[in-house]
Amino acid sequence: MSYVNPGRTGLIGAPTYPMLRDATVSSLIEALEKNKIPHEVNRAENFVLFKETKSKILFRAVEEFERLRGSNLAWFGVDELTYTSEGAWLRLEGRLRDPKATRLCGFAVWTPKGFDWVYERFIAKPVRGYETVVAKPFENRFLLEQIPDYYERLRSSYDARFFEQEALGEYVSMHAGRVYYAFDRKANVAKLSIDRWRPLLWALDFNVDPMSSVVAQVVGPEVIVLDEIVLSRATTSQACEEFARRFPGHSGGLAIYADASGANMQTTGKSDLAMVREFFRSGEYGEVDYKVPLKNPPVRDRIALMNAKLAAADGQRMLKIDAGCTELIKDLEQVTYKEGSQVVDKERDAKRTHLSDALGYLVWREFESKAAPMEGNRRLV
């Protein structure tokens, strides 16, 4: 587009500046250098100038689309459109008005993300003048030459529905009905026993009513949930006391998981996490490993990883739950999304979501790096 429109200005955008900088712009500059296309990069003002045509490409994050008002464009392109608002797309369309452009054009690339506005605008009811090119799985011969088992790797990391969307590029409903749709009581629930020589993993969701937590162990890629602790109107200290009563003097070690808000100070002047640290300071469980993140993972990604553990696309179930964890089982069967939204419904039943959230923090902390998709090798539509 820069060569078709000599001397004119185009724009390349991505949802956020880090994504623009780390993926989109770096890939473009690499392509220009590899193909020996004469250009100059102005990093201060965030654009590239083509020496032969005097054309310019602006690099912009489009999350704050009101800032996209301004000069006319000959063309634009957007990376990862499904993570961009419809307002940003419409604002960019409105800037396709350079009277000296040879060809006005807007384009975008994306991976499906449910039946969102991108699906409605480009797939279900395409606006006149739009055209969608769908890249089918396994068409990327270059990728498969480098990583022949690329799709098989993802099949073991994703649950079946997420694999269809992220790897195969299919439009599937990711946010309808049950949140943990991969859970099967017959397949994921069993009578389990503790391994005295392995560390206990205690994951908490700090709530006054109910104070909820799960106790698990990890064996290779498998998560084994041994017990749940659900206390009505209890304090963090009381939860610690109940844990110690059920698992006295475990010699295999102890690791504690929680969401990032557990480190926030309460009205008593101490955070929930500080209370837990104080309780286990005696050393009865040895040196306790605290695995509490500074920032919580995206809810969507945490849920996707949970479903992948419950049932991966290759059929493996790497999350087993003891039959005595009745409230956690109810969570996995009953937690739903709010109708017509991507928001987990935490209001329908006050008892629900706490245990599954606690388990989700543990699973994410232990396995998120192994399930992360390979940036730059993601399928585009």
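Bear in mind these aren't lab numbers, they're just calculated from the coordinates by the rules spelled out. Computed from a prediction, not measured in an experiment: that's the story for all the values here. Using ideal geometry, Cβ is built from the backbone for each residue, glycine included, and neighbour counts are taken over all protein chains shown.
Numbers below:
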read-out	value
Built amide H within the under 5 Å cut-off of VAL223, gap 5+	LEU319, LYS320
Where labels lie 7 Å past Cα in the beta-carbon direction, separation of ALA350 and ASN140 in nm	4.8 nm
J(HN,Hα) series, the stretch 47-58, from Karplus relation 6.51 cos²θ - 1.76 cosθ + 1.60, nearest Hz, glycine and proline x	8, 10, 10, 8, 5, 6, 10, 6, 7, 10, 10, 7
Pairs from LYS309/LYS351; LYS125/LYS338; LYS51/LYS100; LYS113/LYS309; LYS291/LYS346; LYS56/LYS295 whose Cα-Cα separation, in the structure shown, is over 27 Å	LYS56/LYS295
Three-way shape call for the chain based on the alpha-carbon gyration tensor, with the a/c threshold at 1.5	prolate
Pairwise centroid distance, computed over Cα atoms, of the stretch 1-69 with the stretch 210-239, Å	50 Å
Placed amide H near LEU11: partners under 5 Å, 5+ positions off or other chain	LEU58, TRP75, PHE76, GLY77
Modelled FRET efficiency - R0 30 Å, ASP289 with GLN238, Cβ distances, 0.05 increments	0.85
Modelled FRET efficiency - R0 56 Å, ALA190 with GLU131, Cβ distances, 0.05 increments	0.65
Rough spin-label spacing in nm, given labels placed 7 Å along Cα→Cβ, for ILE123 and TYR17	3.3 nm
Positive-end residue, the stretch 185-371 charge dipole about Cα centroid, Cβ charges, pick of LEU200, PRO298, ALA312	ALA312
Loop-located GluC sites (Glu not before Pro) in the stretch 21-50, at most 16 other Cβ atoms within 10 Å (DSSP)	GLU45
J(HN,Hα) series, the stretch 215-228, from Karplus relation 6.51 cos²θ - 1.76 cosθ + 1.60, nearest Hz, glycine and proline x	10, 9, 9, 10, 10, x, x, 9, 9, 10, 8, 8, 7, 10
For the stretch 185-371: relative contact order, % (alpha-carbon pairs under 8 angstrom, 6 or more apart)	28 percent
Cβ-based charge dipole, the chain, positive-most Cα from GLY77, GLN146, VAL189	GLY77
Low-density loop positions, trypsin sites (Lys or Arg not before Pro), the stretch 23-94 - DSSP coil, at most 11 other Cβ in 10 Å	LYS36, ARG43, LYS51, LYS54, ARG69
Among THR326, GLY7, TRP117 the positive-end extreme of the charge dipole of the chain (Cβ point charges)	GLY7
Length added when fully stretched, SER27-LYS54, from 0.36 nm per residue minus Cα-Cα	7.6 nm
Charge dipole (debye, nearest 20) of the chain; +1 at Cβ of Lys and Arg, -1 at Cβ of Asp and Glu	1060 debye
Computed lengthening from ARG277 to ARG245, 0.36 nm per intervening residue step minus Cα-Cα distance	9.8 nm
Mean Cα-pair separation over length for the chain, i.e. relative contact order, pairs under 8 Å, 6 or more apart, %	18 percent
Percent RCO, i.e. relative contact order, over the stretch 19-69, from Cα pairs under 8 Å lying at least 6 residues apart	24 percent
